[in-house]
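Report on the following structure.
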Amino acid sequence: MAETIFSKIIRKEIPADIVFESDTILAFRDINPQAPVHILIIPKQSIAYTTEIDGKKDAILLGALFDAANQIAKEQGIDKNGFRLVINCGDNGGQEVPHLHMHLLGGRKMKWPPG
Ligand code: DGP
């Protein structure tokens, strides 16, 4: 299992502002928020990846990420006006942490194209 800063957050070895937790998923506020609501949703099982996500092998876990995103968006009050889900992949995608994570951003009008 690839060791990252997120592994320490999952093991509660370093603090994080956790907003959702299940057997398989953890979600916490991003340390460097880019919107009024900016939450990272991650599988507790480390999925190390750069540019390829195995949709078939990890189908149940990936589905759980989206289910968690929907639930958290409701809890955070951003479901009505909309929000953005982002997975950065590899260097060009701007990925910093090699553990699969979905960004949930909301609370303001998003711009397009992204930077
Ligand atoms: P990405 O660039 O897609 O790999 O996103 C990684 C995000 O992780 C980035 O927005 C900042 C966030 N992050 C990095 N280290 C920590 C940390 O120790 N705690 C929290 N809460 N977020 C972190």
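The values are calculated or read from the model by the stated rules, or taken from the named source; none is laboratory data. In this text the structure is predicted, and so the values were computed from the model without any measurement. Quick reminder, even Gly has a Cβ in these numbers, built from the backbone with ideal geometry, and neighbours come from all protein chains shown. Areas reflect the complete protein model, heavy atoms only, side chains present, ligands, DNA and RNA absent. Shrake-Rupley method; radii C 1.70, N 1.55, O 1.52, S 1.80 Å.
Points worth noting:
- Taking Cβ atoms as reference points and 11 Å as the exclusive limit, the residues near ALA64 contribute a net charge of -2, counting Lys and Arg as +1 and Asp and Glu as -1.
- Counting 0.36 nm for each residue step from LYS80 to ASP23 and taking away their Cα separation leaves a gain of 17.8 nm.
- Among residues other than GLN34 with Cβ under 14 Å from its Cβ, the summed charge is +3 (Lys and Arg +1, Asp and Glu -1).
- Taking VAL37, VAL86, VAL97 in turn, the Gaussian network model of the chain (Cα-Cα springs below 10 Å) assigns the largest fluctuation to VAL86.
- Heavy-atom accessible surface of the chain: percent carbon and sulfur, 1.4 Å: 53 percent
- Placing a label point 7 Å from the Cα of ASN32 along the Cα-to-Cβ direction, the residues of region 72-115 with a backbone N closer than 11 Å are 95-97.
- Heavy atoms of the protein chains alone define the surface here; on that basis region 27-99 has 59 Å² accessible area per residue at 1.4 Å probe size.
- Electrostatic tally near ILE78: other residues with Cβ closer than 11 Å to its Cβ, Lys and Arg +1, Asp and Glu -1, net +2.
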